[in-house]
1. Within segment 239-257, is there a residue that is of a type in the set (A, V, I, L, M, F, W, C), surrounded by 18 or more Cβ atoms within 10 Å (Cβ to Cβ) and free of Cβ contacts under 8 Å to residues at least 60 places away in the same chain?
2. Which residues, taken from segment 94-128, are among the basic types (Lys, Arg) and over 25 Å from Asp167 (Cα atoms)?
3. Is there a residue being among the hydroxyl-bearing types (Ser, Thr, Tyr) and within 17 Å of the chain's Cα centre (by Cα) anywhere in segment 165-178?
4. Here are Arg196, Arg105: which of them is closer than 26 Å to Tyr219 by Cβ and in contact with a helix residue (DSSP H, G or I) (Cβ under 9 Å, 6 or more places away or on another chain)?
5. Any idea which of Ala231, Ala178, Ala220 is modelled with pLDDT under 95, surrounded by fewer than 21 Cβ atoms within 10 Å (Cβ to Cβ) and aliphatic (A, V, I, L, M)?
6. With the structure loaded, tell me whether Ala164 is at pLDDT 95 or above, over 17 Å from Met136 (Cβ atoms) and touching a Lys or Arg at 6+ places or on another chain (Cβ under 9 Å) or whether it fails that test.
7. Picking from Thr187, Thr183, which residue would you name as being open to solvent by 50 Å² or more (accessible area, probe 1.4 Å), among the β-branched types (Val, Ile, Thr) and closer than 24 Å to Met96 by Cα?
8. Taking Leu20, is it free of Cβ contacts under 8 Å to residues at least 24 places away in the same chain, under 24 Å from the mean Cα position of the chain (by Cα) and open to solvent by less than 40 Å² (accessible area, probe 1.4 Å)?
Amino acid sequence: MRAVMFPELARLGFTEGRNLVVEARSGPMGELPALARQLAAANPDAIIAAGNAIGAAQQATSTTAIIGSFIGEDPIAAGFAVTLARPGGNVTGVAMLAPELDAKRLQLLHEAIPGVSRIAALAVSTDQHAPNLAAMRQAAAHEGLALLPFYVAQPEDYPATFAAMRDANVSALQIVSAPQFLTDSSTLAELALEARLPTMCEWRSMAAQGCLLGYGPDYAELQRRVADYVARIFHGVSPGELPIEGPTHYQFAINLKTAKTLGLTVPPAILARANEVIE
């Protein structure tokens, strides 16, 4: 975050150590409410949060501006905003419609590996990923594919889950959008290679870590937009007046080193659509 957001904040007139003070907190999901209360107690001008941390921050304060990165959660349905154009409360930010993106990723995976028929979906839980899996099932039915979900609660579950995928005779894997999967991308990519599973992941960076394919929003662009929200709030704009916006640019990366290891030939039409080819 610092590598992109802080230079953008500096460009907008806010530099750490001069007119910008930053306090950061991070921890397991169970600790998020306490961490959010700590930040709110410091009386900041704005709080930046992502995923589940947005709800924790809103519970901690109804007055401090919260700039959120919504990952797969509908801000209106979750009660963070009245409308996307005019949120109306103390929360604004950027929203990624993860179910639609995961459906698109499944289609791209099938185009890249047209011979597959059974695809595994790695998810965190039924509750968290129900909308994503519903959208993926619809896409799978359209493509004539069988979609088999597998769930992991913690990283310790990964080896047994990949063994179960092999036993189920799946021929490819899609890792569903989730912050913890981004954190564990190297481990997941290694396990996918060991299981001989061509894998679609959420971000370009995950393809760089070893997934066959990565498709998602331009992460740096999203961070720059969060910095813009922060600067506008510092200048006195109410978060309730700042629209919650979605990504405008996407990145599609293909790791040909992984394809070679798996003995795959990626169709030229798919290679032509990639923003980045890793060789």
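1. Narrowing segment 239-257 to residues of a type in the set (A, V, I, L, M, F, W, C): 242, 244, 252-254, 256.
Of the ones still in play, those that are also surrounded by 18 or more Cβ atoms within 10 Å (Cβ to Cβ) are 242, 244, 252-254.
Next, only the ones that are free of Cβ contacts under 8 Å to residues at least 60 places away in the same chain stay: 253.
Checked against the condition, which is being of a type in the set (A, V, I, L, M, F, W, C), surrounded by 18 or more Cβ atoms within 10 Å (Cβ to Cβ) and free of Cβ contacts under 8 Å to residues at least 60 places away in the same chain, segment 239-257 yields at least one hit.
2. Start the filter on segment 94-128 by keeping residues that are among the basic types (Lys, Arg), which leaves 104-105, 118.
Within segment 94-128, just Lys104 meets the criteria.
3. Here is the first cut: in segment 165-178, the residues among the hydroxyl-bearing types (Ser, Thr, Tyr) are 171, 177.
Retained after the next criterion (residues that are within 17 Å of the chain's Cα centre (by Cα)): 177.
Yes, because at least one residue in segment 165-178 is among the hydroxyl-bearing types (Ser, Thr, Tyr) and within 17 Å of the chain's Cα centre (by Cα).
4. On the way: Arg196 fails: closer than 26 Å to Tyr219 by Cβ.
Within the list Arg196, Arg105, the selection yields Arg105.
5. Numbers: Ala231 fails: modelled with pLDDT under 95; Ala178 fails: surrounded by fewer than 21 Cβ atoms within 10 Å (Cβ to Cβ).
Answer to the check: Ala220.
6. no
7. Numbers: Thr187 fails: closer than 24 Å to Met96 by Cα.
That would be Thr183, the only listed residue that is open to solvent by 50 Å² or more (accessible area, probe 1.4 Å), among the β-branched types (Val, Ile, Thr) and closer than 24 Å to Met96 by Cα.
8. On the way: free of Cβ contacts under 8 Å to residues at least 24 places away in the same chain: yes; under 24 Å from the mean Cα position of the chain (by Cα): no; open to solvent by less than 40 Å² (accessible area, probe 1.4 Å): yes.
Judged against the criteria, Leu20 is not a match.
The values are calculated or read from the model by the stated rules, or taken from the named source; none is laboratory data. This structure is a prediction, so every number in the text was calculated from the model and none was measured. A quick note on method: Cβ atoms are made from the backbone with ideal geometry, for glycine too, and the neighbour counts reach across all protein chains shown. In case anyone asks, the SASA skips ligands and DNA or RNA and just uses the protein heavy atoms, side chains included. Shrake-Rupley method; radii C 1.70, N 1.55, O 1.52, S 1.80 Å.
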